[in-house]
1. What list of ³J(HN,Hα) couplings, whole Hz, do you get for the range A:33-43 from phi and the Karplus terms 6.51, -1.76, 1.60, once you set θ to phi - 60° and write x for glycine and proline?
2. B:K128's amide H: which non-local residues (gap 5+, or another chain) put their own amide H closer than 5 Å, with H modeled 1.01 Å from N in plane and none for Pro or chain starts?
3. Count the DSSP beta bridges whose two residues both fall in the range B:5-236, then state the antiparallel fraction as a percent rounded to the nearest 5.
4. Along each of the three principal axes of the Cα atoms of chain B, give the extent in whole Å, ordering the values from largest to smallest.
5. Quick query: amide H of A:L47 versus all other amide H atoms, modeled in the peptide plane; which residues come in under 5 Å with a sequence gap of 5 or more or a different chain?
6. Classify the protein assembly as shown as rounded, prolate or oblate, taking a ≥ b ≥ c as the square roots of the eigenvalues of its Cα gyration tensor: rounded when a/c is under 1.5, otherwise prolate if a/b is larger than b/c and oblate if not.
7. Taking a 22 Å limit on the Cα-Cα distance, which of the listed pairs A:K67/B:K213; B:K11/B:K145; A:K90/B:K213 fall beyond it?
8. Which listed residue (B:M151, B:V38, B:I86) has the Cα farthest towards the positive end of the charge dipole for chain B, taking +1 on Lys and Arg C-beta and -1 on Asp and Glu C-beta about the Cα centre?
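Just so it is clear, none of the values below were taken in a lab; they were calculated from the coordinates. Remember, it's a predicted structure, so these values are computed and weren't measured experimentally. A quick note on method: Cβ atoms are made from the backbone with ideal geometry, for glycine too, and the neighbour counts reach across all protein chains shown.
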Amino acid sequence: MSTKRKRSIMDILDDYFEELEEKFERWRETLIERPSWNQKACEMEPLRYVRVTPTEVIVTVDLPLTKENSIQVKPVGRSTIEILASMKRKVRFSDFGITHHKGEFQKLHCQLRVPVPVYMDKMGLRFKKGILEIRLPRKHQYTIPIE
Amino acid sequence: MSEEIKIIEKKEIPSDAIMLFGFPDVGLVGVIAASHLVEQLNLVEVAYIDSKLLQPLIVLHEGLPHSSIRIFGNHNILLAVSETPISASAIYQIMDALIDWGKNKKAKMMISLSGIPIEDRQDAKELKVFAAASSPEMLKKVQDKGIETLMEGYMVGPQAIMLLRCAQIGLPAITLLAQCFLNYPDPEAAAEVLKGLATMTGVKVDTAKLLEKGEEIRLKARDVMKRTQQEMSSMKKSQEYDIPVYVS
């Protein structure tokens, strides 16, 4: 086994800070309580799940009441994906029996971080039973040789 | 009953009832199924839990406060439902209190409704229902009804404690688990677990409405699912995927 390419100190520092930022973001998300909706933007935040396998990262997002042709998946930088989808119909707080908030929602929107390096440009998408599945092949930049 | 947990009765409690449990867990299968049972069978609140072990939280329904863990019922069914996940540290005491109470009320059988997550759930054409039982007799009863049983493995959560406690006190009990999503509300799996319940007990409900409203339920249940995920993680729910070392 051999090293595929040498990494510069800047690459290593970039990765280090990116990793720190991700850890901080994960920590922040566990500490800060916030609603799963944004009244001003008329958006709800969907549930999502990220699974890392040895070869790829599989992201699933639960998008109920969504129009399939409205789903947009955009890479934001090297490790973030933004997902936006329009709903088949407007949903109001009153539909859930809530009367102390006013507002209606017509979009599902979220951003999520991918925890390991991936090829964003090789993203594969599938939508089935209201679940969006995003498959991202992992980048293995180097291997450690066995002495 | 533990002094820290009181079960306050609001109505007369029937004897010889089947006691069901629908608590937040994978796919929210139990809670969605329980909510559908309450609606379809017109079950009314007969009792509720009052305990400082629970989160300082009430549920407002039609402007009035309710405990997050309530027992609904009719002449032959008791159904314990929690509208918010129970913390790992309180599960033992809550389940003990509910089981002791059910035993005192002469419940003839206890059945927990829950889920078992599968990979690629969205590709599954049919969802199987499995069962685990508290005794060899119950295991046979389940198998005789054609429901597959879980023979080896770990089970984590309220349904696990329910089975063990019932086994200890000799109360017939089973846990029904429908294949489901791990982290997403799964009304389709709830419909399947209700079919399993009908097979076991004859308690039948129409699940068409549950499937029809599936997408709305998924949207509405996001927040409870998110909090349930956090509790599942703290109680190491993923251990259910582990392969056990069988000690004979």
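1. 8, 8, x, 8, 9, 10, 4, 5, 7, 6, 10
2. Amide H neighbours of B:K128, under 5 Å, 5+ apart: B:Q179.
3. Working: 22 of 41 bridges.
DSSP beta bridges in the range B:5-236 are roughly 55 percent antiparallel.
4. Principal extents (Cα only, largest first): 43, 42, 35 Å.
5. A:D62
6. Working: a/c = 1.99, a/b = 1.56, b/c = 1.27.
Cα axes put the protein assembly as shown in the prolate bin.
7. Values: A:K67/B:K213 16 Å; B:K11/B:K145 34 Å; A:K90/B:K213 15 Å.
With Cα atoms farther than 22 Å apart: B:K11/B:K145.
8. B:V38
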